[in-house]
Amino acid sequence: MESLEQKTSGFQNFDIKKALSLYLKQWKWFVLCVIICLGGAYYKLRSTIPEFTAKAKVMILDDTENESGKGVIKDLTIFSGNQEAEIEDEIQVILSRGFLTNIVEKLNLNVQFFVQGRVNEHEIYKRTPVKVNFIESDSVINQTRFSCYIEPISSTEFNFWEYEDDVRKKISFGEKIETDFGGIILTPSEKRISRYINQAIRIRISPVEDMAQYLKESIDVYPSRESSKVINITMDDPVERKAIDVVSSLIDEYNFSTIDKKRKQAINTANFINDRVKSISSDLESVDDSIVGYKSRNRIADIASTATQAFSSSVQNEQLIQEVTTQISMLEYMNETLGDNPFESIPSNLGGGDVAISGLANRYNELLVQRENYLKSAGENNTVVVELDNTLSQIRNSLRQSIDNTKQTLNIQLGVLNNSSRRINSKLYSAPDQERTLRSIERTQSIKEALYIYLLEKREEATISISSISPTVKVVEEAYSLGSEISPKPMVMYLGALFIGLFIPFGVIYIKDLFDTKIHNKEDLQNEINNISVLGEIPNFGKKENGLIKRNDRSIMSESFRIIRTNFDYVKRGRNVKNYDNVIFVTSTINSEGKSFVSLNTALTLANTGKRVLLVGADIRNPQIYSAIKNKKDTNQSKVGLTEYLVDKSIILGEAINSYSINDISIDIMLSGKVPPNPAELLMNDRMKTLFDAASDQYDYVIVDTAPAMLVTDTLLISQYAGHTIYVTRAGYTEKRILNYARELHTEEKLNGMMLIVNDVKESNFGYGAKYGYYGASKRKGLFGRIKA
């Protein structure tokens, strides 16, 4: 509860106007920083080459959605339906270095032309004034880094130099130019060369690999949304047309690569079927020749009618045997193919009629294509490639097991069919031997024909698949430019500069205020010590002033001392001081707080009212009053001071006091005299009481400039002679923590009648932090006021 009350009290005491005034007083720094930052933003905008964005949308197509056999391998880990992973894999393939290198070579991006503008140079794309022809091979040029300058003089000649400070050589177009990597020949474009006459053009040749890396850093490929097959392809580049061409070429390159992979797989299948067709065709011709020869030798024209029915049954049975045998042959071939090369595609349409085997074969070929894509950008030890190898091994094992199981089933069917065939053939034993032999040859012919027709059908399917290969991606939106510049953004730059321009002085002022431990005006002093009267503030008068008030002076400093005099009289009337009521000590905590300055000007202010005033320099360790009035000193005046008066008893009080006229103000002063070796002991001399008793009787006011109270004990030794004590602090100099010493002096009553003064207050902090000035003083006109006047 108490903590809450403290927080509420602290919030209520917070003065937002005062907090804002801390920053508003420094408005000039805010304006200066804003102008500098806005100027920097303007220069940055002028010196930064603008960039544009080209964008395209494509959809990744899935050709295997309706394929049979996909459900069989659905439960495998890598094919568990993680579509996001598949899209990410395709993105990596699109950004592969091979694709980007092909684009650089296709668009000739490694040869660039630049022309200097008003501030920056900009690239000339496609519509170049000249063409660079290389004599060396592409393998050398693709690794070359070279830069040079040309300046067309006419449509037939140009100046050539490699470095900016080189001597320019006049060369004709078509003439060979020798370079470090070989010769080049420049040929002009008749339509465009005239635009660049007498204009320097920089030609830069970069390695293809470097340009491919630049494209990879400039291109961004990402899904349009989560779990979507549509991906966005964007590129940022200073040349708008180039960005569009690169994005379009990237899509074409990816499509070409995927189509080429599918075509190779289909061609391999078609070549295998062609080989088998040739082999079966040769066997079929051999069987046909056997039938013709057998009939010729045995003079057989037709089958006996008595065996027609048996033969019909036998043929049907043999057809079934032939189908089973064909399936077994296909399965045996697929089994042999699996063992030859684990990373070679297998025929996907020779599954022997088994849907599951055909589906596994199709998925096996798909994984091989994915593995080849990964190998472009990763090694064989990559985790994804290793996982693909493991999955391929699992599918091969599944295929072998399925083939073995299917073969066992077919062998059982074949055994049953063979038994049936033997029963049917037993009915034909009564037929002639020649008839049985002929039937056997014809059965062999039927088997060969069925296999031959089956392979022909598969060959047509493979041929059709080659011609009907579709691309892997569908273009949803062709590459186009977003139009406006993406960077730099003028509004963003200027707003950022404005923010920085305001933040820098704000941060500096905030940090300075955060670590500020000094007082700055009367309000700060009252916040630290609220039980001691504050007589007033003395402004910072600058170096042009001499620091001493004048008669009839209406300056701010003079008015400040008049306010202090008035406040002192008011406080004095409220006190009942029996002894030394007209003796005023002026001291401070440490040196350089302006106590001597305050002493002298307080004495002059009081003397200006017609009072008799004596100023005593009691700071005999570090006297400062003499330095302030040495130009006013008369050569005939006595050189005796307080030190001499205390040491030599023969010196009377009048001999140590001299009269001065300072700025037409008459005042008596007792200087400090020479610096003694024992100041503390000297001040304890009995003559001090005699001095103050006599001075208090003879003068209306006795102002005593004493030593700093915290540094030495001098002031406390003579404090009993003071009726009142003015304690001087200095704005921007006196630490808040050392004011605890002044509070202790007041609490323990070591100094009589303590009153506080704040010296050297800046004009911006004067009068509780408000900048009001003084009544009757001429106001300083601002810039607009002076112009108006």
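Mind checking whether some residue in the range 570-587 is over 15 Å from residue 760 (Cα atoms), assigned to a helix (DSSP H, G or I), at pLDDT below 95 and among the polar types (S, T, N, Q)? For the range 570-587, residues over 15 Å from residue 760 (Cα atoms), assigned to a helix (DSSP H, G or I), at pLDDT below 95 and among the polar types (S, T, N, Q): absent.
The C-beta contact set for the range 161-180 (first residue within 21 Å of residue 145 (Cβ to Cβ) and free of Cβ contacts under 8 Å to residues at least 12 places away in the same chain, second residue small (Gly, Ala, Ser) and open to solvent by less than 100 Å² (accessible area, probe 1.4 Å), distance under 9 angstrom, 6+ apart or interchain) comprises 163/147. Cβ separations smaller than 8 Å between residues 6+ apart or across chains give the following pairs from the range 478-494 residues that are acidic (Asp, Glu) to residues that are at pLDDT 85 or above: 478/56; 478/248; 485/52.
The residues in the range 653-710 that are open to solvent by less than 30 Å² (accessible area, probe 1.4 Å) and under 60 Å from the mean Cα position of the chain (by Cα) can be counted, and the count is 3. Restricting the first member to the range 210-228 and to residues that are more than 22 Å from residue 62 (Cα to Cα) and open to solvent by 50 Å² or more (accessible area, probe 1.4 Å), and the second to residues that are among the β-branched types (Val, Ile, Thr) and part of a strand (DSSP E or B), the beta-carbon pairs closer than 9 Å and six or more apart or on different chains are 220/233; 220/234.
So which of 326, 391 is of a type in the set (S, T, N, Q), modelled with pLDDT of 80 or more and open to solvent by less than 20 Å² (accessible area, probe 1.4 Å)?
On the way: 326 fails: open to solvent by less than 20 Å² (accessible area, probe 1.4 Å).
One residue alone meets the criteria, 391.
Number of residues in the range 181-208 that are in contact with a Ser or Thr (Cβ under 6 Å, 6 or more places away or on another chain) and open to solvent by 50 Å² or more (accessible area, probe 1.4 Å): the value is 1.
Give me the helices (runs of 4 or more DSSP H) completely within the range 666-723, filtered to those with at least 1 residues that are of a type outside the set (A, V, I, L, M) and closer than 25 Å to residue 610 by Cα, ordered by residue number. Give the steps one after another, and end with the answer.
Numbers: elements: 679-683, 687-698, 714-717.
Correct list: 687-698.
From the list 523, 537, the one residue that fits, being closer than 22 Å to residue 742 by Cβ, assigned to a strand (DSSP E or B) and open to solvent by less than 60 Å² (accessible area, probe 1.4 Å), is 537. When residue 709 is tested against the conditions (1) closer than 16 Å to residue 592 by Cβ; (2) of a type in the set (Gly, Ala, Ser); (3) touching a His at 6+ places or on another chain (Cβ under 7 Å), the lone failure is (3).
The values are calculated or read from the model by the stated rules, or taken from the named source; none is laboratory data. A quick note: this is a predicted structure, and the numbers were derived from the prediction, not measured. Neighbour counts run over all protein chains shown; Cβ positions are idealised from the backbone, glycine included. Note: accessible area is taken over every heavy atom of the protein model, side chains too, but ligands, DNA and RNA are not part of it. Shrake-Rupley method; radii C 1.70, N 1.55, O 1.52, S 1.80 Å.
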